[in-house]
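The structure appears below as structure tokens.
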Amino acid sequence: MSVNTGPSAKDRKAVADGLSKLLADSYAVYLKTHGYHWNVRGPNFSQLHTLFMAQYTEMWTAIDEVAERIRALGELAPQGYGAFGNLSAIKDGDPTKNAEAMLNDLIESHETLIATLYAALPSAQEAGDEVSASLISDRLTAHEKHVWMLRSSLG
């Protein structure tokens with residue numbers, strides 16, 4: 001089934017490619033955050049456990065929105081660990097890290113994801129794809145807030 005609305009097929013493909021990298025990076029940060037939620041230890045356990053849960057829950061919904069946007073553009077959304085691993089440079093979390101190291105790792109991962117968002121935005125804007133540009137902008141807002149919360153938790 002072909003898509004006959006919005007940007008050209010070439011532009012839709014370029015936007016979907018950026019969103020596919022965003023999807024892979026988002027899934028990697030989601031998994032890392034969820035794992036750290038399970039494995040965090042120390043005197044701030046309760047606060048960090050709760051913070052990580054709020055963040056991974058927010059990301060879970062967004063992951064679906066990104067994948068569905070890729071499909072609306074007429075492309076297939078990547079799926080599976082292999083596909084995501086090929087698209088993302090974000091490494092798995094390490095459950096042996098202490099709470100401060102987990103926070104720093106999550107900050108670095110979100111910063112990588114934010115760079116992916118900024119890299120994906122121009123193709124959506126240049127294509128006149130306001131829906132994808134808005135989605136990317138919303139994700140920038142969310143991930144920049146996540147980084148702020150994580151940094152503030154370092155003290």
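A few notes on this one:
- Selected residue (only one of Ala115, Ala101, Ala133, Ala54 is within 11 Å of the chain's Cα centre (by Cα), small (Gly, Ala, Ser), assigned to a helix (DSSP H, G or I) and surrounded by fewer than 22 Cβ atoms within 10 Å (Cβ to Cβ)): Ala115
- Of all residues making up the range 64-74, the number that are outside any helix (DSSP H, G or I) and either modelled with pLDDT of 95 or more or in contact with a Pro (Cβ under 9 Å, 6 or more places away or on another chain) (or both): 1
- Among the residues of the range 31-51, those that are of a type outside the set (S, T, N, Q), buried (at least 19 other Cβ atoms within 10 Å of the Cβ) and part of a helix (DSSP H, G or I) comprise Lys32, Tyr36, His37, Leu48, Leu51.
- The number of residues in the range 140-154 that are over 15 Å from the mean Cα position of the chain (by Cα) and either surrounded by 13 or more Cβ atoms within 10 Å (Cβ to Cβ) or β-branched (Val, Ile, Thr) (or both) comes to 4.
- Among the residues making up the range 118-127, those that are touching a residue at least 40 places away in the same chain (Cβ under 8 Å) and open to solvent by 50 Å² or more (accessible area, probe 1.4 Å) are Ala119, Glu126.
- The condition of being assigned to a helix (DSSP H, G or I) and either modelled with pLDDT of 95 or more or open to solvent by 20 Å² or more (accessible area, probe 1.4 Å) (or both) holds for only one of Thr5, Thr96, Thr61, that being Thr61.
- The test for being under 22 Å from Asp17 (Cβ atoms) and in contact with a Ser or Thr (Cβ under 9 Å, 6 or more places away or on another chain) does not hold for Leu103.
- Residues in the range 63-100 that are more than 17 Å from Gly18 (Cα to Cα), in contact (Cβ under 8 Å) with a residue 12 or more places away in the chain and of a type in the set (Asp, Glu): Asp92, Glu100.
- Complete set of residues in the range 37-60 that are aromatic (Phe, Trp, Tyr) and within 18 Å of Lys97 (Cα to Cα): Trp38, Phe45, Phe52
The values are calculated or read from the model by the stated rules, or taken from the named source; none is laboratory data. Quick caveat, the model's predicted, so the values are computed rather than measured. With ideal geometry, Cβ positions are generated from the backbone for all residues, glycine too; neighbour counts draw on all protein chains shown. Keep in mind that these areas ignore ligands, DNA and RNA; they rest on the heavy atoms of the full protein, side chains included. Shrake-Rupley method; radii C 1.70, N 1.55, O 1.52, S 1.80 Å.
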